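Taking it in order: structure first as structure tokens, then the write-up.
The values are calculated or read from the model by the stated rules, or taken from the named source; none is laboratory data. Just so you know, these numbers come straight off a predicted model, no measurement behind them. For neighbour counting, all protein chains shown are included, and Cβ atoms are generated from backbone atoms with ideal geometry for every residue, glycine included. For accessibility, only protein heavy atoms count, side chains too; no ligands or nucleic acids. Shrake-Rupley method; radii C 1.70, N 1.55, O 1.52, S 1.80 Å.
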Amino acid sequence: MSLHTRFLVYFPMLFMATFWGLMKVGLPIFPSMPSLLNTSEDTVRFIISLSFIFAGLFPLIWGPLIDKMQMKRFIELVCVVGVVSLVLASIAGNIAFFGVVFVIGSAFVSGMSVCSRAFPVTFLKDAEQIKHALSLTSFGGYSAAFLTPLLSGWVSTWLGWRAVFVIIPIWLVVMFFLVRKLPEQSQSAQALTFKRSLLQMGAHFKNSVFRKTLVVVMCMAAIIQSYYIAVPFWLTPVYHIQPTEVAYYLLPTLLPGIIYPPFSNYMIKKLGERFILNSVKVCFILAALSAFALSLFNNTISWLWLLPGFLATLYSVALIPILLFHTFNTIDEGKSSASGLIGVATYVSGGIGMLITVYINLGNFYWEGVFILVAALISFWALKDVVRT
């Protein structure tokens, strides 16, 4: 692989790391913001929720806009708006101003997640390189989800809470200059107008493979996104876990997304898609069964409760490059709009999963097993028509 090609393969990872870095960067200091900006805890939670909602819905706009503007110019725009909005957030004197600029920054930077899925099939041609790049998006996202809160926690201790919101702007400046080195897209790609790309979103739903892919994505996201959020709520009151320790309890569930993606291309070539698909299906079923088993024990070590999340995440990160590769192969135009729809499906289902886990605790953990099992069976049903090996 040439240096230029390697440069392109790693870009999707950087895009997803940027997006997840922003969404997680404030976690260490959000609990203290009510006193810092003289507001209520409910208001801070509302702003965080609003930032997730906007980040989840705006890909509906970003997908067609990327097809119209071209990806390179769009990312440059995102970098500029992201830097301005987040720097303004760092100097905010009241919660209303902070909320507006932070939500705007979250909405714009969510465009990075759209680019991360569409970039490999736009700039790369080799099938193995595309799968590798798609897999590395998981690595970027999961790594940032753990490392960014750790970094921002130290930064807030050394430099104060305002410095936390400058971390991502500094990275966006670096991204801006890296993106300027990207090649221009082909002239044929520039023929897709905004209106045509917007209409293409509706056309995607006529594609049975794409519809089934959305089902698989929603099943995966409903489990893993809700699991990450629910872990501290499940474990903290029972095991008296300190806030500074929560990130370390998230790490085991994030590990598959950090360890597996760099080797996914080798695993696909060595073992084949069929073997990997069958293996990760077993992992998803085991995630459900382990939740049932854990519900039988009242006094078990805290780390064992993380096993279902670990297995569910392994299913997701191993499946994503194979799933998206086969899906995008069925799409001739409007790939960015398709990526936008996948992003929306991820967030909507993640939100649904979070609502479900509100009613689950360690005392009735068997319901988590039911939740995972239902998601597994539905995703297996949809998957058989998407990936034919």
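Taking every pair of distinct Cα atoms and averaging 1/r, then inverting, what Kirkwood hydrodynamic radius in Å comes out for the range 45-185? Walk me through the intermediate numbers first.
Details: mean 1/r = 0.0619 Å⁻¹.
Answer for the range 45-185: a Kirkwood hydrodynamic radius of 16.2 Å.
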Problem - Alpha carbon centroid spacing (whole Å) that separates the range 349-389 from the range 111-179 - result: 27
Practice task
Provide the FRET efficiency to the nearest 0.05 for the T157-R45 pair, computing r from the beta carbons and using R0 = 25 Å.
Solution key: 0.60
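Would you work out what percent of the accessible area of the chain, with all protein chains in place, is carbon or sulfur (probe 1.4 Å)?
Working: 11660 of 16820 Å².
Exposed carbon and sulfur together represent 69 percent of the surface.
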Handout entry: Per-pair calculated FRET efficiency, R0 = 35 Å: F7 and V84 via Cβ, rounded to 0.05
Key = 0.80
Problem - Nearest-0.05 FRET efficiency for S295 and K125, computed from C-beta distance (R0 41 Å) - result: 0.25
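Which sequence of Y366, Y266, Y359, Y249 reflects their accessible areas, 1.4 Å probe, from the largest down? Don't jump to the answer; show the numbers that get you there.
Working: Y366 100, Y266 130, Y359 175, Y249 30 Å².
The residues order as Y359, Y266, Y366, Y249, largest area first.
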Handout entry: With at most 13 other Cβ atoms within 10 Å, longest stretch of the chain clear of loop trypsin sites (Lys or Arg not before Pro) (DSSP)
Key = 207-383
Problem - Lysine pairs within the chain, Cα separation less than 17 Å, 8 or more sequence positions apart or different chains - result: 14
Problem - Approximate spin-label separation A203-K181, in nm, with each point projected 7 Å along Cα-to-Cβ - result: 3.5
Problem - More than 34 Å apart - percent of Cα-Cα pairs taken over the chain - result: 26
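As a test of the formula, what do you get for the chain when each DSSP H run with n ≥ 4 contributes -39,500 (n - 2.57) and the sum is divided by the residue count, at 222 nm and rounded to the nearest 500 deg cm²/dmol?
On the way: 19 runs with 302 residues, N = 389.
The helix contribution divided over the chain gives -25500 deg cm²/dmol.
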Exercise for the section: Please work out the Cα center distance from the range 212-282 to the range 72-108, rounded to the nearest Å. Expected result: 29
